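S.K.: The structure's right below; bear with me while I get my questions together.
Bear in mind these aren't lab numbers, they're just calculated from the coordinates by the rules spelled out. Not measured: the values here are computed from a predicted model. Cβ coordinates were reconstructed from backbone atoms using ideal geometry, including for glycine residues, and neighbour counts include every protein chain displayed.
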Amino acid sequence: MAKLYFRYGAMGSSKTANALMVDYNYKERGKTSCLVKPKIDSRDGDKIVRSRIGLESECEYLEELVRLSDDELKKYDCIIVDEAQFATRSQVEFMVHIVDDLGIPVICYGLRADFQNELFEGSKWLLAWADKIEEIKTVCWCGSGARCNARVNEKGEIVRVGEQVVLGANDKYISLCRKHFNLGMVKPED
Ligand SMILES: [Zn+2]
């Protein structure tokens with residue numbers, strides 16, 4: 001039976017590289033997979049999914065996927081969604097439709113929580129409805145599992161206030177364990 005997967009991880013946990021590898025594996029076996037991302041995530045330019053380690057592939061937008069008919073969707077063996085935290089509730093509902101009514105697996109990769117450690121909309125509904133929820137692990141500087149995404153400004157200071165998504169901003173993100181996220185310690189000497 002097809003399943004809806006949510007594979008979440010903090011910043012730098014190689015979610016996108018994983019998504020690209022799964023997409024590659026499907027295609028290598030002669031299957032037809034569809035790699036998509038929400039249009040809001042346009043930092044890589046148009047219709048490209050790019051990982052930190054240099055892997056990249058062309059993709060479609062999630063906003064286009066949800067406009068496809070059932071017959072158009074049925075040509076796919078698998079749907080792979082990168083940056084799934086930016087999906088809306090109705091887009092996650094559409095993923096459930098793809099899985100339950102068409103029998104096509106949908107594999108989502110994304111962040112669980114934002115820089116204030118609150119759920120993204122897409123993550124919230126994926127956590128509620130996914131059949132399989134799997135963590136892609138990464139570590140804090142202290143060696144503990146990192147599950148929080150700290151936003152830091154150009155001075156390297158942690159930022160606690162602001163919009164959930166700031167497109168084109170110079171802020172960077174550092175993945176931290178919950179303790180060091182709450183303490184605001186982005187590195188050992190702080
Ligand atoms: Zn830590």
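S.K.: What number, in percent, do you get for the relative contact order of region 111-190 if the mean sequence gap of Cα pairs under 8 Å and at least 6 apart is divided by its residue count?
M.R.: Result for region 111-190 is 30 percent.
S.K.: Once the Cβ-Cβ distance between His97 and Glu121 is put in as r, and R0 is 25 Å, what FRET efficiency do you end up with, to the nearest 0.05?
M.R.: Computed FRET efficiency for His97 and Glu121 comes out at 0.90.
S.K.: Another one. Just going by the charge dipole of region 103-190, with Lys and Arg at +1 and Asp and Glu at -1 on Cβ, which of Val165, Ser144, Tyr109 is farthest out on the positive end?
M.R.: Ser144
S.K.: Nearest 10 degrees is fine. How inclined is helix 15-28 to the longest principal axis of the chain, computing both from alpha carbons?
M.R.: For 15-28 against the chain, the angle is about 20 degrees.
S.K.: Taking 0.36 nm per residue of sequence separation and subtracting the Cα-Cα distance, how much length would be gained by fully extending the chain between Val165 and Trp129, in nm to one decimal?
M.R.: Fully extending the segment from Val165 to Trp129 adds 10.6 nm.
S.K.: How high is the relative contact order of region 1-140, in percent, with contacts defined as C-alpha pairs under 8 Å that are six or more residues apart?
M.R.: The value is 39 percent.
S.K.: Which pairs in the list Lys3/Lys124; Lys39/Lys74; Lys15/Lys75; Lys31/Lys75; Lys137/Lys179 are over 19 Å apart, alpha-carbon to alpha-carbon?
M.R.: Check vs 19 Å cut-off fails for Lys39/Lys74; Lys15/Lys75.
S.K.: Can you give the relative contact order of region 1-53 as a percent, counting alpha carbon pairs under 8 Å and 6+ residues apart? Write out the running numbers ahead of the final one.
M.R.: On the way: 22 pairs, mean separation 21.6, N = 53.
This gives 41 percent for region 1-53.
S.K.: Would you mind getting me the FRET efficiency between Arg89 and Arg52? Use the beta-carbon distance for r and R0 = 35 Å, nearest 0.05.
M.R.: 0.75
S.K.: Considering only DSSP beta bridges where both residues belong to the chain, give the percentage that are antiparallel (nearest 5). Working shown, then result.
M.R.: Details: 12 of 30 bridges.
Looking only at bridges with both residues in the chain, the antiparallel portion is about 40 percent.
S.K.: Another question, then. Only four residue types carry charge here, +1 at the Cβ of Lys and Arg and -1 at the Cβ of Asp and Glu. Report the dipole size of the chain about the Cα centre in Debye, rounded to the nearest 20.
M.R.: With Lys and Arg at +1 and Asp and Glu at -1, about 660 debye.
S.K.: Have a look at Leu73, Ile53, Pro38 and report the one farthest towards the positive end of the charge dipole of region 1-137, computed about the Cα centre with Cβ charges (Lys/Arg +1, Asp/Glu -1).
M.R.: Result: Ile53, furthest along the dipole toward the positive end.
S.K.: Quick check on the chain: helices-only [θ] at 222 nm, where DSSP H runs of length 4 and up contribute -39,500 (n - 2.57) each and the sum goes over total residues. Nearest 500, please.
M.R.: -7500 deg cm²/dmol
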